[in-house]
Amino acid sequence: MSEHKKYEDEETSDKQEALNSKAEAENADVADDVQNSEDVDELQKLKEENAKLKDSFLRAYAETENTKKRCQQEIEKISKFAIADFAKELLGVADNLHRAMASVKDTENEQCKSLLQGVEMTQKELTKVFAKFGIKKIESLNKVFDPNFERVVQEIEDKEKPAGTVIAELQSAYTINERILREAMVIVTKGGKK
């Protein structure tokens with residue numbers, strides 16, 4: 001029996017060792033699971049922080065791009081309309097040149113003819129400069145009154161033309177880069193057909 005007992009003791013010892021090994025392995029797995037769980041939690045926190053930082057970066061980048069666009073638009077606007085006040089003052093010169101040409105009645109006189117040619121050349125040059133800087137004259141005569149570009153200073157009865165037709169222009173309208181620079185002062189019809 002002693003061999004049998006010895007065999008049982010060895011078998012029990014082997015089982016005990018197997019159980020101890022299994023318990024140690026389970027303890028190691030639990031320790032690994034705890035470590036993995038902590039790593040997973042930390043990884044999750046890092047991913048969330050990364051997402052927040054990425055979102056903040058994208059928002060800041062978008063804001064920077066929008067600011068750049070607004071600044072560029074403002075620069076373009078300023079460069080287009082920086083001369084508006086100066087141009088408005090020159091409109092008086094254009095008006096006076098037009099009045100000077102209209103006032104010359106004696107075109108047979110050589111001196112008057114030369115003077116008229118000089119004024120016409122000056123007006124043409126001024127018109128070229130206006131065009132170069134985006135300044136355009138708006139024609140109103142014989143068109144329907146447009147309150148965006150014209151101001152009525154007088155209404156005259158005229159049954160021949162539709163009501164609101166511009167029949168005289170006392171001052172011409174001008175735009176600078178499609179924006180009104182000066183409105184026209186006009187005389188319109190009233191009482192005609194509509």
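The values are calculated or read from the model by the stated rules, or taken from the named source; none is laboratory data. Quick caveat: nothing in here was measured; it's all calculated off a predicted structure. Positions of Cβ are generated from backbone atoms using ideal geometry, with glycine treated the same way; all protein chains shown enter the neighbour counts.
Strands (runs of 3 or more DSSP E) fully within region 155-194 that include at least 1 residues being within 14 Å of residue 145 (Cα to Cα), out of contact with any Asp or Glu (no Cβ under 8 Å at 6 or more places or on another chain) and outside the structural domain of residue 76 (by TED's automatic domain parsing): 166-171. Of 45, 22, 105, 15, all but one fail to be modelled with pLDDT of 70 or more and either assigned to a helix (DSSP H, G or I) or surrounded by 10 or more Cβ atoms within 10 Å (Cβ to Cβ) (or both); the exception is 45. Reported count of residues in region 138-186, each being closer than 16 Å to residue 85 by Cα and surrounded by fewer than 18 Cβ atoms within 10 Å (Cβ to Cβ), is 5. Does residue 126 fit the bill of being modelled with pLDDT of 90 or more, surrounded by 14 or more Cβ atoms within 10 Å (Cβ to Cβ) and in contact with a helix residue (DSSP H, G or I) (Cβ under 8 Å, 6 or more places away or on another chain)? Taking the combined requirement at face value, the residue satisfies it. In the condition set (1) within 18 Å of residue 98 (Cβ to Cβ); (2) over 30 Å from the mean Cα position of the chain (by Cα); (3) not aromatic (Phe, Trp, Tyr), residue 151 is compliant with all but (1).
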